[in-house]
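Notes follow the structure.
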Amino acid sequence: MIEQITSMLTEQFGPFGPLLAVGIPGMFLILFTLPVLLKKRADPLDKLRAAARQAEAPKESSQKLRHGNGKDKLEKYSEFLEPQDEQEYSAVRLKLLQAGYRSKNAVRTYHFLQFSLGLGLLVVGGVLAVIMKTTGDPGTQKLVLTVLGPGVAGYMLPKYWVTKRQQKRQEEIVNGFPDSLDMMLVCVEAGQSLDQSIVRVAKEIRAGFPALADEYEMVAHEMKAGKDRIQVLRDMSERAGVPDVSSFVTVLIQSASFGTSIAEALRVYAAEMRDKRVMRAEEKANTLPTKMTLATMMLTVPPLLIILIGPSIYQIVETFKKANF
């Protein structure tokens, strides 16, 4: 069926018939869809729900998910570029925070990059398809993949980049957290308060672990601003996204709640983190022989076989040559 349609389009419009049949409706669809998405009309049911929420809780409904400063050029497209659902917006915002992007417009920029890269590479794919059609006679499936492949890759590229940044940052926090606890314990036992210890640790570990230093500095600034310490520590655990930091925050909150010594809690937890780091290193060392098995077989066995069997094979070949003569 597809081959018949392709041959009919080729007879009617020439060799560019299938490409025109796919590209022209797609371009018109994009052109007609963009104004509708950018100028989205409010649903009457949404207005009724908003009015009901405002009547029940006027203070909470009057607060927006985000506030613009009027300087961002993408602000007028915020309804299109940003999720309007609070949970979805919070999830994207948390992921960007864990990746190290703390700007107020990070969510908007993230979705704009997805949209622009996807559309731009889609156009690039269309140009490549036209070049392929002029230089040869590719199949319809290959043309469609050439057009849609770059667009999908461009749309997924920002998500892949943010995920990699998030994993790298969390790994850096995990590696530097035991050393920061040891330094914090030394500062607390020397007579400094927890706030002063956090500031000192942030300065000392910045050269080796800048991501963890940024988190400690933010905690120090929020405490100086008068924010509740328990809430500050919980926010730090959410921004880090690391189980070790969450456990550390739980230990500090319990120590403050029950009135126990912070130095004693830090000493016990720092020792536990050191043991956990050693166990993590031993686990990686135990998996090393398994990972090296394939490389050993590929790089060691063939040269060994050549050295052992090569002379015998050479003598056999020479013997057969002499016998034939």
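Brief remarks follow.
- MET297 vs. criteria over 30 Å from MET184 (Cα atoms), of a type outside the set (Gly, Ala, Ser) and either open to solvent by 90 Å² or more (accessible area, probe 1.4 Å) or in contact with a Cys (Cβ under 9 Å, 6 or more places away or on another chain) (or both): yes
- When residues of region 72-104 are limited to those that are part of a helix (DSSP H, G or I) and among the polar types (S, T, N, Q), the one modelled with the lowest pLDDT: SER78
- Qualifying residues in region 172-193 (those that are more than 14 Å from ARG206 (Cα to Cα) and of a type in the set (D, E, K, R)) - the one least open to solvent (accessible area, probe 1.4 Å): ASP182
- Selection of region 114-157 for residues being charged (D, E, K, R) and open to solvent by 40 Å² or more (accessible area, probe 1.4 Å) yields ASP137, LYS142.
- Taken over region 257-273, residues that are open to solvent by 70 Å² or more (accessible area, probe 1.4 Å) and either within 32 Å of the chain's Cα centre (by Cα) or within 17 Å of ARG234 (Cα to Cα) (or both) amount to 2.
- Single match in LEU128, LEU143 (criterion: assigned to a helix (DSSP H, G or I) and in contact (Cβ under 8 Å) with a residue 60 or more places away in the chain): LEU143
- Check on SER247, hydroxyl-bearing (Ser, Thr, Tyr), farther than 17 Å from ASP182 by Cα and open to solvent by less than 80 Å² (accessible area, probe 1.4 Å): no
- Hits in region 136-174 (condition: among the polar types (S, T, N, Q), at pLDDT below 90 and farther than 17 Å from GLY118 by Cβ): THR140, GLN141
- Among the residues of region 300-325, those that are hydroxyl-bearing (Ser, Thr, Tyr) and open to solvent by 70 Å² or more (accessible area, probe 1.4 Å) comprise THR300, TYR314, THR319.
- No other residue among SER257, SER180, SER237, SER246 is polar (S, T, N, Q), part of a helix (DSSP H, G or I) and touching a Leu at 6+ places or on another chain (Cβ under 7 Å) apart from SER180.
- Criterion (over 30 Å from SER246 (Cβ atoms) and out of contact with any helix residue (DSSP H, G or I) (no Cβ under 6 Å at 6 or more places or on another chain)) met by exactly one of GLY126, GLY118, GLY136: GLY136
- Residue list for region 194-222, restricted to those being polar (S, T, N, Q) and crowded, with 20+ Cβ neighbours inside 10 Å: SER197
The values are calculated or read from the model by the stated rules, or taken from the named source; none is laboratory data. Because the structure is a prediction, the values reported are computed rather than measured. Because the Cβ atoms are built from the backbone with ideal geometry, glycine has one as well, and the counts that use them run over all protein chains shown. For the accessible areas, the whole protein counts, side chains as well, though only heavy atoms, and no ligand, DNA or RNA atoms are used. Shrake-Rupley method; radii C 1.70, N 1.55, O 1.52, S 1.80 Å.
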